[in-house]
1. Output the peptides 162-168, 83-89 sorted from most to least packed, where packing is the average of other Cβ atoms within 10 Å over each peptide's residues.
2. Would you work out what percent of the accessible area of the range 54-170, with all protein chains in place, is carbon or sulfur (probe 1.4 Å)?
3. So which lysines can Lys52 reach, going by Cα to Cα under 22 Å and dropping same-chain residues fewer than 8 places off?
4. Rounded to whole Å, give me the distance from the Cα center of the range 120-152 to that of the range 60-113.
5. For Lys134, give me every one of the aspartates and glutamates with a C-alpha distance below 15 angstrom, ignoring sequence neighbours fewer than eight places off in its own chain.
6. At q = 0.14, 0.16 Å⁻¹, what is the log10 ratio I(q)/I(0) for the range 27-170, with the Debye formula run over Cα points and no solvent?
7. Expressed in nm to one decimal, what extension gain is obtained for the pair Ala133 and Phe78 from 0.36 nm per residue of sequence separation less their Cα-Cα distance?
8. Given points 7 Å out from each Cα along the Cα-Cβ axis, report the Asp93 to Asn66 separation in nanometres with one decimal.
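The values are calculated or read from the model by the stated rules, or taken from the named source; none is laboratory data. These numbers were taken from a predicted model, which means no experiment stands behind them. Backbone-built Cβ (ideal geometry, glycine too); neighbour counts: all protein chains shown. Note: areas computed on protein heavy atoms with side chains; ligands, DNA, RNA excluded. Shrake-Rupley method; radii C 1.70, N 1.55, O 1.52, S 1.80 Å.
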Amino acid sequence: MVSALAFLAGCTSGQGGQAQPVSTPQDAPASSEITASPQGLHGLKACAVLDKALQGRDFPPGEADNVGSANGCSASKFGSATSLNLDDRQGIDDLDADPAKAHDGKINGRPIRQVREIDGDEATCLVLLEVTAKVRAMVSVTLGTQGSTEQACSDAFSIAQAVEPQLPAR
(Lines give C-alpha, C1' and ligand atoms only; values in the text may rest on other atoms or scores of the structure.)
Protein backbone atom coordinates (compact mmCIF):
# COMPACT_ATOMS: atom_id res chain seq x y z
CA MET A 1 0.00 0.00 0.00
CA VAL A 2 1.26 3.47 -0.78
CA SER A 3 2.23 5.41 2.33
CA ALA A 4 -0.33 7.98 3.36
CA LEU A 5 0.50 11.56 2.50
CA ALA A 6 -0.75 13.84 5.17
CA PHE A 7 -2.52 17.02 4.24
CA LEU A 8 -5.86 18.33 5.13
CA ALA A 9 -7.54 19.18 1.84
CA GLY A 10 -10.75 17.38 2.83
CA CYS A 11 -12.82 17.39 -0.35
CA THR A 12 -15.90 15.33 -0.33
CA SER A 13 -16.37 12.96 -3.22
CA GLY A 14 -19.20 15.19 -4.42
CA GLN A 15 -16.97 18.19 -4.91
CA GLY A 16 -14.95 18.87 -8.02
CA GLY A 17 -12.27 21.39 -8.82
CA GLN A 18 -10.20 22.96 -6.08
CA ALA A 19 -9.46 21.13 -2.85
CA GLN A 20 -11.39 22.70 -0.01
CA PRO A 21 -9.91 22.60 3.51
CA VAL A 22 -11.95 20.99 6.27
CA SER A 23 -11.71 22.97 9.51
CA THR A 24 -8.37 24.26 8.36
CA PRO A 25 -6.22 26.23 10.78
CA GLN A 26 -4.52 29.38 9.57
CA ASP A 27 -2.40 28.92 6.45
CA ALA A 28 1.08 27.68 7.10
CA PRO A 29 3.77 30.34 7.43
CA ALA A 30 5.76 31.40 4.40
CA SER A 31 8.22 28.94 2.90
CA SER A 32 11.66 28.76 4.36
CA GLU A 33 14.40 30.82 2.80
CA ILE A 34 16.08 27.72 1.38
CA THR A 35 16.33 27.92 -2.38
CA ALA A 36 15.89 24.87 -4.52
CA SER A 37 19.01 23.20 -5.82
CA PRO A 38 19.01 21.66 -9.28
CA GLN A 39 17.86 18.46 -7.54
CA GLY A 40 15.12 20.49 -5.83
CA LEU A 41 15.36 19.16 -2.26
CA HIS A 42 18.60 20.82 -1.19
CA GLY A 43 19.69 17.90 1.01
CA LEU A 44 16.51 17.67 3.09
CA LYS A 45 16.09 14.44 5.05
CA ALA A 46 12.54 13.09 5.23
CA CYS A 47 12.72 12.01 8.90
CA ALA A 48 13.97 15.42 10.06
CA VAL A 49 11.11 17.13 8.19
CA LEU A 50 8.44 14.62 9.31
CA ASP A 51 9.53 14.66 12.96
CA LYS A 52 9.25 18.46 13.02
CA ALA A 53 5.85 18.35 11.29
CA LEU A 54 4.54 15.79 13.81
CA GLN A 55 5.67 17.65 16.93
CA GLY A 56 2.88 17.76 19.51
CA ARG A 57 0.88 14.97 17.81
CA ASP A 58 2.10 12.11 20.05
CA PHE A 59 3.92 10.24 17.29
CA PRO A 60 7.22 8.47 17.99
CA PRO A 61 10.26 9.58 15.98
CA GLY A 62 10.02 8.61 12.33
CA GLU A 63 11.91 5.69 10.86
CA ALA A 64 13.57 5.79 7.47
CA ASP A 65 11.87 3.78 4.74
CA ASN A 66 12.11 3.63 0.98
CA VAL A 67 8.59 2.54 0.05
CA GLY A 68 7.69 5.71 -1.90
CA SER A 69 11.17 7.09 -2.61
CA ALA A 70 14.80 6.71 -1.57
CA ASN A 71 14.22 9.55 0.94
CA GLY A 72 11.20 8.44 2.93
CA CYS A 73 10.17 8.31 6.56
CA SER A 74 7.21 6.86 8.44
CA ALA A 75 5.79 7.10 11.94
CA SER A 76 2.92 5.15 13.48
CA LYS A 77 0.85 5.25 16.60
CA PHE A 78 -2.27 3.34 17.55
CA GLY A 79 -4.85 3.89 14.81
CA SER A 80 -2.70 6.08 12.54
CA ALA A 81 0.27 5.73 10.19
CA THR A 82 1.90 8.74 8.57
CA SER A 83 4.72 8.96 6.07
CA LEU A 84 6.65 11.55 4.13
CA ASN A 85 8.48 10.86 0.89
CA LEU A 86 10.77 13.44 -0.65
CA ASP A 87 11.00 12.49 -4.32
CA ASP A 88 13.52 14.22 -6.56
CA ARG A 89 12.42 12.35 -9.69
CA GLN A 90 8.66 12.91 -9.90
CA GLY A 91 6.35 15.87 -9.68
CA ILE A 92 2.77 16.02 -8.42
CA ASP A 93 1.46 15.44 -11.95
CA ASP A 94 3.36 12.15 -12.21
CA LEU A 95 1.13 10.29 -9.75
CA ASP A 96 -1.36 8.12 -11.62
CA ALA A 97 -4.57 8.62 -9.63
CA ASP A 98 -8.27 8.30 -10.28
CA PRO A 99 -9.31 11.81 -11.39
CA ALA A 100 -12.51 11.50 -9.37
CA LYS A 101 -10.42 11.14 -6.20
CA ALA A 102 -7.72 13.73 -6.98
CA HIS A 103 -8.19 17.42 -6.25
CA ASP A 104 -5.79 20.31 -6.74
CA GLY A 105 -5.29 23.15 -4.32
CA LYS A 106 -2.61 25.23 -2.64
CA ILE A 107 -0.88 25.58 0.70
CA ASN A 108 0.73 28.98 1.14
CA GLY A 109 0.65 29.46 -2.64
CA ARG A 110 2.38 26.12 -3.30
CA PRO A 111 0.47 23.79 -5.64
CA ILE A 112 -0.75 20.58 -4.02
CA ARG A 113 -2.75 17.56 -5.07
CA GLN A 114 -4.90 15.60 -2.64
CA VAL A 115 -5.72 12.00 -3.48
CA ARG A 116 -8.39 10.24 -1.43
CA GLU A 117 -8.65 6.49 -0.87
CA ILE A 118 -5.40 5.44 -2.51
CA ASP A 119 -5.68 1.99 -4.10
CA GLY A 120 -9.37 1.99 -3.13
CA ASP A 121 -8.59 1.83 0.59
CA GLU A 122 -10.92 3.86 2.81
CA ALA A 123 -9.43 6.07 5.54
CA THR A 124 -6.37 6.88 3.41
CA CYS A 125 -5.26 10.17 1.94
CA LEU A 126 -2.20 11.59 0.18
CA VAL A 127 -1.14 15.18 -0.17
CA LEU A 128 1.53 15.95 -2.72
CA LEU A 129 3.34 19.28 -2.49
CA GLU A 130 5.15 20.66 -5.53
CA VAL A 131 8.79 21.63 -5.09
CA THR A 132 9.51 21.82 -8.83
CA ALA A 133 7.85 20.28 -11.89
CA LYS A 134 9.77 17.03 -11.23
CA VAL A 135 10.29 17.19 -7.44
CA ARG A 136 7.63 16.60 -4.80
CA ALA A 137 6.99 15.94 -1.15
CA MET A 138 4.28 13.40 -0.46
CA VAL A 139 2.47 13.14 2.87
CA SER A 140 0.43 10.00 3.44
CA VAL A 141 -2.03 9.19 6.22
CA THR A 142 -3.69 5.85 6.84
CA LEU A 143 -6.15 5.51 9.69
CA GLY A 144 -7.30 2.33 11.38
CA THR A 145 -10.77 0.85 11.31
CA GLN A 146 -12.17 3.68 13.45
CA GLY A 147 -11.00 6.34 10.97
CA SER A 148 -12.67 7.89 7.96
CA THR A 149 -11.38 9.17 4.65
CA GLU A 150 -12.40 12.70 5.66
CA GLN A 151 -10.34 12.47 8.87
CA ALA A 152 -7.37 10.99 6.99
CA CYS A 153 -7.49 13.91 4.53
CA SER A 154 -7.86 16.43 7.34
CA ASP A 155 -4.84 14.95 9.12
CA ALA A 156 -2.81 14.76 5.90
CA PHE A 157 -3.52 18.39 5.03
CA SER A 158 -2.62 19.54 8.52
CA ILE A 159 0.70 17.68 8.40
CA ALA A 160 1.36 18.99 4.89
CA GLN A 161 0.86 22.53 6.25
CA ALA A 162 3.65 21.81 8.75
CA VAL A 163 5.87 20.27 6.04
CA GLU A 164 5.42 23.11 3.52
CA PRO A 165 7.52 25.81 5.25
CA GLN A 166 10.39 23.33 5.54
CA LEU A 167 10.55 22.79 1.77
CA PRO A 168 12.78 24.82 -0.55
CA ALA A 169 11.12 27.95 -1.92
CA ARG A 170 9.58 27.52 -5.35
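1. 83-89, 162-168
2. On the way: 2330 of 5100 Å².
C and S atoms contribute 46 percent here.
3. By straight Cα distance, Lys52 reaches Lys77, Lys106.
4. Value for the Cα centre distance between the two parts: 6 Å.
5. Partners within reach: Asp87, Asp88, Asp93, Asp94, Asp96.
6. The Debye formula, applied to the Cα set alone, gives -0.57, -0.76.
7. Values: separation 55, 0.36 × 55 = 19.80 nm, distance 3.54 nm.
Working it through step by step, the gained length comes to 16.3 nm.
8. Computed distance between label sites Asp93 and Asn66 equals 2.9 nm.
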